[in-house]
Each structure stands twice: as C-alpha cells, then as structure tokens.
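*Asks:* This structure is in structure tokens; I'll ask about it shortly.
The values are calculated or read from the model by the stated rules, or taken from the named source; none is laboratory data. Every value quoted in this text rests on a predicted model; they were computed, and no experiment measured them. Every residue, glycine among them, receives a Cβ derived from its backbone with ideal geometry; neighbour counts consider all protein chains shown. Remember, those area values only see protein heavy atoms, side chains included, never the ligands or the DNA or RNA. Shrake-Rupley method; radii C 1.70, N 1.55, O 1.52, S 1.80 Å.
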Amino acid sequence: MRFNKQELITLATQPSNKFDKEGPLYVTEKQEGFFRKTEGEETSSNKGPNAKTHHKRKQSLSCIGGTQKVSLEKWCRLRGNLLFYFKTSDQFSEPQGCIVLEKYRCVKQGDLKEYDGYVFYLEFEDGLRQRFATNTEQERLEWMQAIGLAGYDVKRAQLKYLREQIDKKRGMIHDVDVDMLRLQTGKEIELNEVPICESAISCDNLLCDGNGKPPNPSVVVQVTSNNRAASGWVKYGRTEVIERSSNPQFICTITFRTGDGLNAKSQIRFTAYDVREKVTQTAVPIGWAEVALGVITDTSRLRIPLRTQSPCGGNAGFITIATCAPDLEKKTSRSPAKAGLDQQQQHQHQQAIGHRRSQSLPPKLGVKLFIPPPSKLALVFTNPNIHTYRLHSGLGGDISVQEIMLESQLC
C-alpha cells in the first residue's frame, strides 16, 4: 500500500484522548516475519546535562520448528482501524509501524499463560498471522474487544445505527434515498457492473409563474424497489438546477443499475420542480410523469407530457429522455460495401429522428454507452458514489463524463 510516512507519524503521536485503546503489548517478531528486524536491544536517553538513563527492552525467546522468534514488549495505540506499534515499551519512543485492521479476525490462544503472557492472534484473509501477548488475562480481553470492533464494516454499522436513532429522536419521516437503502442493505455499487442504461434529461414548454417568469427547474428521479427495507418510491437521482429556463437541457444524467434491483418492469417517476431557494432546497413541484424502465431502454429518445399536481389535471410541459444503452453485441465481420451502406442508412435514420435542440450538432445522442475498463479500485476503496454527465460538442458526438468518489479502507 502507498502511504505518507510523515502523516502516519503525526497521527501516531497525537494525544491519548484521540485513541480508542493504548498500552503495552508483546509483539512476536522473526527475521522473515510480518515485521522488520528491530534495532539494538538497549537504548539510552538523556534527561539533563549530567543524567543518563539506560533501559532495556523486555523480550522473550522461543524456538518453534527450528525458527527463532522474539517477543518484544512495545507500546501500541489503536485508532479506528489502524494499530500503531512503537520501537519500545516507552510511550514516548518513536513509532515503528502500523497494521491496517481489515479482512481479519481476532483469535484467542488458550486460557493458560505462556512464556511471554496471555496470547492472541490476528489472522488475515490473505494468510498472514501475527502473534500478540499481554501481561494479564483482563488486558487480553480488552485488547481483543477493541481490535475486534475496529473493522470498517463495524464502523459503518455503528454509523447506520446512530443515524437511525437521530431520525427517531427528531421524528423524521422522509423519502427513502438510494444511498441510504444501499447502506441499510449492505450493498454497494459494483464498479465493474455494466449498467442497464444511462438517460439524459431535458424539458420544454414548462409553465411559468403568475408573473410570467420562467422557473428554476430541476428533475428528481424516483424508482419502485422490490427491497423489503423500502416500500413505495425510492429517490434514485436528480439533475442540477438551471436558472430561469422553460426549456432546460440538463447535464447530469441518470444511470440505472441491475444491482439496485431494477428491471424492465420497474416504474420510473420523473418529477420536475421549480427550485425557489437553492440553499434550503425549497422547491415547488411543476409536474410529473411515470414510465416503465423497459420502455426507456427500448426507446433511444422518449418525449412524454408532464402532468400537473392539481386535481383538474392538465399538462405542465414535456420531458424528453434520451437513453444510451451499453454495446454488448459482438462485432461481426462485414464487407466494406455493406459496412458503408449500413453507415449511410444509420445516418439517414438519425436525421429522421433528430431532435431540434441539436440541429448544429449530431442529430441525436450516441446510443452507445461508454463502459469503463475493469478496475481493481474495489480492492482498496469502498462505498463508491458515481455521477455521470453528458455535454454536447461539435466534435461528432457527446462528451461523456464519469465521476467516481470512494472511501479508502486504509485510513
């Protein structure tokens, strides 16, 4: 892993109230083991012009299978999922290293005291095994409990519980958000998942207010979920806010994913809002439309009316959904003449269904969805948050942008 040495040293030497647990531990080392070979066994420190104090590190030796192992007493500090160990048992000694507590389990080694104390192990999924020992059985129990609760998954579960308690105290009943639903169900976006489709949204002829001023439109997308943790509509995404426009063309796109439980029968609701105040997100609904996801994927460009919220009904404008589907078909060899004919027919077809908002550009959005190459980011990062954008250009197509934000498991 890559890390900033100075930042880790600064983190390891912060005040005690910043740490979940600290104290001495016997750390077993060997020449070709988990840790590097330590330095000299005797150190000295000066405390005044004529005072010189010597202290020796406590250590125990054992011979297992012909390999000599050394159990040295070191000062250890636990913060989050980082276990720091120092050069000696003195808490003011220099930090020597750090263990990232992920994909591991804490195992006790019997109830009897061994040559260096009461033993427990850290066993990692990749096969590494690190031995520790404490002076008393109570210390071993406390360290095992603290280390056992240091994993990232445990911290996320605690965060979920605290959020639920805060909402319960406030008496908040709000729409279910897809990010919160993923947190509740323990599901994350799979970085290498091929999405069902990506939809770009635009509106036209939106109603103005009583003074004739155009709205500040933004579109919220909701989906029906088959998940038991959520009933009804789930907020799936939203566009940016465009000021003073009855014919907005939104840059933010919506990517629909199978991993969220969506299929062709899933209902999608598009609700256009007039955002009156950006900071507090105070908004008034303009109109809404519902359509099945299967209809969206089968139609590259869909224009449907927005219904008003009033009992008398009526239209509040129109919404256009331009959809790009992933290109999963295998390319087949064709003759040059046939390939040229197909391109000509495709160009004529695009001209026939071209949209008025892009007359000077290619007549429609590209129907091929950009699929990024397989990534190994999931080995180090978790809880991804992905946003997609499409911008018009005069270069023969649209500019597709994918923004990925992740949380590191190593901090």
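Each row is one residue, and each column tells you yes or no for (1) assigned to a loop (DSSP other than H, G, I, E, B); (2) modelled with pLDDT of 90 or more; (3) aromatic (Phe, Trp, Tyr).
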residue: ASP90; (1), (2), (3): yes, yes, no
residue: CYS106; (1), (2), (3): no, yes, no
residue: GLY110; (1), (2), (3): yes, no, no
residue: GLY127; (1), (2), (3): yes, no, no
residue: GLU139; (1), (2), (3): no, yes, no
residue: GLN145; (1), (2), (3): no, yes, no
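*Asks:* Only residues that are in contact with a Leu (Cβ under 9 Å, 6 or more places away or on another chain) and of a type outside the set (Ser, Thr, Tyr): list them for the stretch 381-394, please.
*Replies:* Result: PHE381, ASN383, PRO384, ASN385, ILE386, ARG390, HIS392, GLY394.
*Asks:* If I filter the stretch 75-134 down to residues being basic (Lys, Arg) and open to solvent by less than 60 Å² (accessible area, probe 1.4 Å), which single residue comes out as nearest to the chain's Cα centre (by Cα)?
*Replies:* Residues of the stretch 75-134 basic (Lys, Arg): 77, 79, 87, 103, 105, 108, 113, 129, 131.
In the following step, the residues that additionally are open to solvent by less than 60 Å² (accessible area, probe 1.4 Å) were identified as 77, 87, 131.
Numbers: ARG77: 28, LYS87: 35, ARG131: 33 Å.
Going through the qualifying residues, I end up with ARG77.
*Asks:* While we're looking at this one, here's another question. State yes or no: is LEU82 under 28 Å from THR10 (Cβ atoms) and in contact with a strand residue (DSSP E or B) (Cβ under 6 Å, 6 or more places away or on another chain)?
*Replies:* Numbers: under 28 Å from THR10 (Cβ atoms): yes; in contact with a strand residue (DSSP E or B) (Cβ under 6 Å, 6 or more places away or on another chain): yes.
Considered against the rule, which asks whether it is under 28 Å from THR10 (Cβ atoms) and in contact with a strand residue (DSSP E or B) (Cβ under 6 Å, 6 or more places away or on another chain), LEU82 comes out as yes.
*Asks:* Take the residues in the stretch 152-165 that are over 18 Å from the mean Cα position of the chain (by Cα) and at pLDDT 80 or above; name whichever of them is least open to solvent (accessible area, probe 1.4 Å). Please lay out each step first, then the result.
*Replies:* Narrowing the stretch 152-165 to residues over 18 Å from the mean Cα position of the chain (by Cα): 161-162, 164-165.
Filter once more, keeping what is at pLDDT 80 or above: 161-162, 165.
Numbers: TYR161: 127, LEU162: 102, GLN165: 64 Å².
In this case the residue turns out to be GLN165.
*Asks:* Right, next: List the residue pairs whose Cβ atoms are under 8 Å apart, where the first residue sits in the stretch 232-246 and is touching a residue at least 60 places away in the same chain (Cβ under 8 Å) and over 25 Å from VAL176 (Cα atoms), the second is β-branched (Val, Ile, Thr) and surrounded by 15 or more Cβ atoms within 10 Å (Cβ to Cβ), and the two are 6 or more positions apart or on different chains.
*Replies:* Taking only residues 6 or more apart or on different chains, not a single pair turns up.
*Asks:* List, please: which pairs have Cβ atoms under 6 Å, are six or more places apart or on different chains, and start with a residue in the stretch 89-101 that is farther than 15 Å from PHE132 by Cα and end with one that is part of a loop (DSSP other than H, G, I, E, B)?
*Replies:* SER93/LYS87; GLU94/LYS87; GLN96/LYS87; VAL100/LEU410
*Asks:* Additional query: Which pairs do you get when a residue that is within 30 Å of PRO248 (Cα to Cα) and assigned to a strand (DSSP E or B), found in the stretch 314-338, comes within reach of a residue that is modelled with pLDDT of 80 or more and charged (D, E, K, R), reach meaning Cβ atoms under 6 angstrom, with the pair 6+ apart or on two chains?
*Replies:* PHE318/ASP204; PHE318/ARG303; THR320/ARG303; ALA322/ARG301; CYS324/GLU198
*Asks:* Is it the case that GLU277 is open to solvent by 50 Å² or more (accessible area, probe 1.4 Å) and modelled with pLDDT under 90? Reasoning before the result, please.
*Replies:* Numbers: open to solvent by 50 Å² or more (accessible area, probe 1.4 Å): yes; modelled with pLDDT under 90: yes.
For GLU277, the condition - open to solvent by 50 Å² or more (accessible area, probe 1.4 Å) and modelled with pLDDT under 90 - is met.
*Asks:* Residues of the stretch 276-296 being without any contact (Cβ under 8 Å) to a residue 60 or more places away in the chain and either closer than 30 Å to ASN192 by Cα or among the β-branched types (Val, Ile, Thr) (or both), which ones?
*Replies:* Those that are without any contact (Cβ under 8 Å) to a residue 60 or more places away in the chain and either closer than 30 Å to ASN192 by Cα or among the β-branched types (Val, Ile, Thr) (or both): VAL279, THR280, THR282, VAL284, GLU290, VAL291, ALA292, GLY294, VAL295.
*Asks:* If ASN385 satisfies every condition in (1) open to solvent by 70 Å² or more (accessible area, probe 1.4 Å); (2) in contact with a helix residue (DSSP H, G or I) (Cβ under 9 Å, 6 or more places away or on another chain); (3) modelled with pLDDT of 85 or more but one, which is the exception?
*Replies:* Of everything listed in (1) open to solvent by 70 Å² or more (accessible area, probe 1.4 Å); (2) in contact with a helix residue (DSSP H, G or I) (Cβ under 9 Å, 6 or more places away or on another chain); (3) modelled with pLDDT of 85 or more, ASN385 misses just condition (1).
*Asks:* Now for a different question. Out of all the residues in the stretch 170-177, is one or more buried (at least 16 other Cβ atoms within 10 Å of the Cβ), farther than 30 Å from SER400 by Cβ and of a type in the set (Lys, Arg)?
*Replies:* no
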